[in-house]
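Here is the structure we will look at, set down as structure tokens.
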Amino acid sequence: MSSPALEWLYSTQLYGIKLGLDNVHKLLEAMSLPQAGMKFIHVAGTNGKGSTCAFMHAIFKESGINAGLFTSPHLIRFNERIRDAEREISDDELTAGLTRIRELVSAWDPHPTFFEITLALALDWFRQRGNEWVILETGLGGRLDATNAITPEVSVLTRIGLDHKEQLGDTLSKIAAEKAGIIKPGIPVVSAPQEDEALKVIVKTAKSQKASLLVVEEPLINVKLGLMGPHQAWNAAIAIEALREAGIRVPAVVLEGALQKVHWAGRFHHLESGRVVVDGAHNGDAALALAWTWKTEHPDEKATIIFGGSTGKDLIDVMWPLAEIAERWILTPFQSPRSVPVETLSEALTDADEDGEWLEAKSLDDAWTQAQSYPERILVTGSLFLVGEFLSQVSASGGYQPSAQ
């Protein structure tokens, strides 16, 4: 059950996603945020943001630094979005923080959005926790994202691809311009390797802001990682370079320990003694990485894929890379306003995997029951919202809190 305070926060999703910084600047100023002396690492990109943040956070923790971490969306419970090395924000702290913010903004017009309030709640909690360092993941885009109201020690750009085209633009260069909007005057930038179209935009933006730019050219090698998949070696390399640019120096033994211990739920995450894999791939590039990882970790195996998609995504783009590892598909809805109807999933799959076998489920419970009747390893993918609901069911943790953002 959600608290009344959290229910109020979810109700602000009705205001939608309003890209712009005026309102968040007003909110943070009214709350005297961020805390003076607090240092930030700001991360934007299409894919790999969460994993890169997780690597950096693990390195901070292993180094004895209790850094804050702000990410989205959550998988099971809202509290996951706001944490430090010791714990997540508690239900009581969440209620108290939201109550203060609700009283503050009750008469504001325009009213702060869900994400703006969530950011303010996080920064307020990090202040109470005394976190000197905070890793901030953008919510959508970068230039007009609420997190861009802060000035970091280093700006990080993970791999940029075609996603959120309705909000950010329909070409790679337009999307890259929005992501590169986190680059600030004189603040160093660390970037993943990018397509030429995106890299040109990043280089131009960095030059105009007189910001140094380091493009990571090689993945991390000869180090065991806690996250599976060849692409995670790139995310780890980006994380290490970002911390170096921020002035964090870590002994090799500490670094290796952190990279082995890192965990990030919903990213090629094995459950049920390895019989089930969950992965929140929800765009074409992420699906390609997932298929690549599957073939690396489970060669010569095909999967029974439980698939659900979110509105606003190119479903065919997500499905077709997975077709070569699919023995069959089970198409399912899930508990979110953004869940795509099964009929729409079927139409997309006809184009993405015309020879594929698929079944339709009435719910995720139904899909899970059907999948267990087949001998293949099960892959749950297509949406982080789907993955969150599934994890809440198999962990029997209860308290699943569906969200639209």
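We did not get these values from a lab; they are worked out from the coordinates using the rules stated. Here the structure is a predicted model, which means the values were calculated and not measured. Cβ sites come from the backbone with ideal geometry, for glycine too, and all protein chains shown count toward neighbours.
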For Q393 paired with H263, estimate the spin-label separation in nm (one decimal), with each label point 7 Å from Cα along the Cα-to-Cβ line. 2.2 nm
Normalising by the residue count of the stretch 4-261, find the relative contact order in percent from Cα pairs under 8 Å and 6+ residues apart. 25 percent
With the convex hull built on the alpha-carbon atoms of the chain, volume per residue in Å³ sits at 136 Å³
For Y400 and K26, FRET efficiency with R0 = 30 Å and r from the beta-carbon atoms, rounded to 0.05? 0.35
Can you tell me the relative contact order of the stretch 215-340? Whole percent, Cα pairs under 8 Å, sequence separation 6 or more. 22 percent
Theoretical ellipticity at 222 nm over the chain - DSSP helices of four or more residues, -39500 (n - 2.57) apiece, nearest 500: -12500 deg cm²/dmol
Which FRET efficiency, nearest 0.05, do K207 and R244 yield, Cβ-Cβ r, R0 22 Å? 0.55
Cα-centred dipole magnitude for the chain, charges only on beta-carbon of K, R (+1) and D, E (-1), debye, nearest 20: 1540 debye
Subtract the Cα-Cα distance of E195 and E324 from 0.36 nm times their separation in residues, and report this length gain in nm to one decimal. 44.0 nm
Whole-Å distance, taken between Cα centres, linking the stretch 74-114 and the stretch 1-43: 8 Å
Relative contact order [Cα under 8 Å, 6+ residues apart], the stretch 269-394, whole percent: 36 percent
Based on the Cα gyration tensor of the stretch 269-394, what are the three equivalent ellipsoid semi-axes, each the root of five times an eigenvalue, rounded to whole Å and given largest first? 18, 17, 14
Quick calc, A36 & S3: beta-carbon distance into FRET formula, R0 45 Å, rounding 0.05, result 0.90
Sort the following peptides by mean Cβ neighbour count (other Cβ atoms within 10 Å, averaged over residues), highest first: 82-90, 237-245. 237-245, 82-90
Given a cut-off of 29 Å, name the pairs among K49/K210; K18/K313; K179/K302; K18/K39; K204/K224; K26/K179 whose C-alpha atoms lie farther apart than that in the structure shown. K179/K302; K204/K224
Any idea how far apart S11 and D351 come out in nm if each label point goes 7 Å out from Cα toward Cβ? 4.0 nm
Summarise the long-distance tail of P(r) for the stretch 162-276 by giving the % of C-alpha pairs beyond 24 Å. 40 percent
